[in-house]
Amino acid sequence: MPDGPRYEDDFYAWTQYQAGVLRSLHVSDNRFDRDHVVEEIEDLGESERDAVRSQIRRIAEHLLKLARSPAEQPRFDARQRAALGLRRYGERDAAERLPAACPYSWDEICRQEWYPVSPEP
């Protein structure tokens, strides 16, 4: 088992660690473009990290808007999109049973390995 962060646990930390390991290796074969491979691995980790940060910011932005906006429309967009997706796959009954309000708390959504439980039919 290699030292350092595990791929499955923290992709960004793993890419940065692996890039450092590659950088420390002494390569005598000049066909291996180590510097560019290292850069690509680092960039891939940074790109994934930035994408996650962007999504988190977007979610927080929408939650803040919902908390302060008196408008009803934004509160039902997620439900409408979920219903549309269910109907697209032939699940009309499930679409009709979607709750009018989001039944999940922020703590539940952010908890690692939490998934919503299907309600009784």
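Observations on the model:
- FRET efficiency for the pair LEU22 and VAL52, taken as 1/(1 + (r/R0)^6) with r the Cβ-Cβ distance and R0 = 25 Å, rounds to 0.60.
- Using the rule -39500 (n - 2.57) for each DSSP H run of four or more residues, divided by the residues of the chain, the 222 nm mean residue ellipticity is -20500 deg cm²/dmol.
- Modelled spin-label separation between HIS62 and ALA78, with each label point placed 7 Å from Cα along the Cα-to-Cβ direction: 0.7 nm.
- Modelled FRET efficiency - R0 25 Å, ASP35 with ARG6, Cβ distances, 0.05 increments: 0.50
- Semi-axis lengths, largest first, of the ellipsoid equivalent to the chain are 44, 17, 15 Å, with √(5λ) applied to each eigenvalue of the Cα gyration tensor.
- 0 to 90° range, to nearest 10: angle between helix 73-88 axis and the chain longest Cα axis: 80
- Relative compactness, region 71-112, computed as alpha-carbon Rg over 2.2 N^0.38 Å: 1.31
- If R0 is taken as 25 Å, the Cβ-Cβ distance between ALA13 and ALA71 corresponds to a FRET efficiency of 0.05.
A short reminder: the numbers here are calculations on the coordinates, not readings from a lab. Just so it is clear, the structure is predicted and the values come from calculations on it, not from any experiment. Every residue, glycine among them, receives a Cβ derived from its backbone with ideal geometry; neighbour counts consider all protein chains shown.
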